[in-house]
1. Counting DSSP beta bridges in the chain, what percent are antiparallel, to the nearest 5?
2. Restricting to DSSP H runs of at least four residues, report the calculated mean residue ellipticity at 222 nm for the chain, -39500 (n - 2.57) per run over all residues, nearest 500 deg cm²/dmol.
3. If you place +1 on the Cβ of every Lys and Arg, -1 on the Cβ of every Asp and Glu, and leave all else neutral, what size is the dipole of the chain about its Cα centre, to the nearest 20 Debye?
4. Summing +1 for each Lys or Arg and -1 for each Asp or Glu, what net charge is found among the other residues whose Cβ lies under 14 Å from the Cβ of residue 16?
5. For region 233-336, what's the radius of gyration and Dmax over Cα atoms, in angstrom?
6. Hey, how many Å between the Cα centroid of region 202-254 and the Cα centroid of region 86-117?
7. Would you mind classifying region 1-151 by shape? Square roots of the alpha carbon gyration tensor eigenvalues, ordered a ≥ b ≥ c; an a/c under 1.5 is rounded, otherwise it is prolate if a/b is larger than b/c and oblate if not.
8. Looking at the square roots a ≥ b ≥ c of the eigenvalues of the Cα gyration tensor of region 9-62, which shape do they give, rounded for a/c under 1.5, prolate if a/b is larger than b/c, or oblate?
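Bear in mind these aren't lab numbers, they're just calculated from the coordinates by the rules spelled out. Just so it is clear, the model here is predicted, and its values are computed rather than measured. Cβ sites come from the backbone with ideal geometry, for glycine too, and all protein chains shown count toward neighbours.
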Amino acid sequence: MTIFQPGQRIALVHTGDLHTRLQPGDTGTVQRHDRQQQIVYVRWDTGSALAMCLDAGDRIRPVAAPERISRDLFHLHPDRVGIGSAGVFAGDWAWRHGPDGDRIEVGFAGTLIDRWNGWAVFSCTRQVAEAIVGDQQHQRRALRASLHAAGVPDAELDKEVNTQLAELRFDGDVLIADQRASADDPDAIARFSPDVDGRYIVMGWNWCWQAVDPERCDRIIGDLPQPGDEQQFLLLRHTPGMQVPHTRLRLTGLQPRPTRCEIVPAAFTAVLNLDDQPVAKLTGHDDGTVTLQPPGTLSGALQSYAARCRHLGHAVTEARLLRALADEILLDEATRFADAHKDTLLRLIDDTSRTRTVTILDSIPHDLDERLAVGRTLTNRPRQSWQIWTGRDWFSVPATGTAAHQASTS
């Protein structure tokens with residue numbers, strides 16, 4: 001008696017099922033083999049989840065495993081995948097143990113945009129999103145077949161499948177995730193529209209996705225970048241959610257420099273550089289606006305650069321980009337000044353990621369309790385939040401006080 005192993009590739013020889021669309025020669029991957037009942041559960045490449053009942057006359061044969069991906073994909077190894085870079089992603093449920101070790105049947109190409117409780121959040125093309133939906137639908141069909149084989153009554157199958165696995169489907173351009181049964185929540189149905197670039201975030205901040213080694217994937221859905229092209233965007237350090245394509249455009253030569261009296265000057269000048277070559281002078285005004293001299297400098301290059309920038313998934317104007325670049329140099333200088341003097345900074349930031357006020361804290365809060373203590377001296381402001389500079393990044397502090405901190409009026 002032939003024993004079929006999980007992950008083994010097989011082809012259909014014969015089935016007595018008169019309603020299936022499977023044809024002899026169709027291939028699939030073994031999910032498991034119930035040797036007691038002589039049932040082989042198969043994930044067919046056509047999307048079918050028809051199980052093979054060997055005692056009833058169904059016949060399958062082993063076939064050669066798919067050719068492994070031959071490209072050098074070291075640049076997409078999960079250890080090299082950071083925010084803004086391309087990678088290959090799979091769910092923690094996708095691993096299977098086969099005859100040649102732990103493998104992933106299918107990985108999905110995307111760009112890492114965030115991390116959530118240690119898991120990956122990535123964006124992907126419509127093609128990849130559709131493949132993820134198809135993969136989920138296949139798992140639901142396979143689960144249904146397994147439950148049916150286990151004796152679950154037909155009237156209860158839909159309920160059991162929905163309880164164990166969410167339903168994903170497209171309604172036009174909108175991806176719908178129905179988790180009402182699995183979450184036991186009548187409102188747990190979410191709709192995800194594509195961003196301005198037509199990309200989707202499929203169950204980000206919800207499912208346990210992870211970046212995986214593409215060499216361990218039998219198949220990868222989506223286009224993979226060539227070595228050197230894997231960094232899709234960079235995040236600005238001081239403007240949350242602001243993505244830029246590269247750092248070839250940046251500001252230097254800030255004047256005046258920060259002081260304890262004015263840690264972030266309202267009026268300033270700086271030099272705009274392209275590929276480390278000075279091309280224009282940027283002036284910041286007391287009202288928060290910025291202008292370039294001479295006017296129209298780099299109009300084509302700046303327009304092209306701004307067109308590739310995104311803030312929280314939305315397009316960015318040239319004026320907003322210049323303001324963000326200005327905030328980068330202002331806050332870079334301010335944080336360096338604070339670090340050098342063993343101080344730290346407290347800032348108020350609005351929901352557009354603009355820094356509204358910055359003040360010096362003479363006493364550095366070193367741990368969570370001390371940071372929360374600062375929060376008790378601050379009041380909550382609509383559509384604004386408080387952050388403390390930790391020496392590496394900004395830490396959001398919940399404002400739980402009843403009177404505003406003196407710094408908020410500075």
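1. Roughly 95 percent of the beta bridges in the chain run antiparallel, per DSSP.
2. Details: 6 runs with 79 residues, N = 410.
Calculated at 222 nm, the ellipticity per residue is -6000 deg cm²/dmol.
3. Details: 44 positive and 54 negative charges, 100 e Å.
Rounded to the nearest 20 debye, it is 480 debye.
4. Numbers: positive: 59; negative: 17, 55, 58.
Summing Lys and Arg as +1 and Asp and Glu as -1 gives -2.
5. That works out to 13.1, 39 Å for Rg and Dmax.
6. When both Cα centres are located, 16 Å separates them.
7. Working: a/c = 2.31, a/b = 1.98, b/c = 1.16.
Cα axes put region 1-151 in the prolate bin.
8. On the way: a/c = 1.57, a/b = 1.20, b/c = 1.32.
Oblate, because a/c is 1.5 or more while a/b does not exceed b/c.
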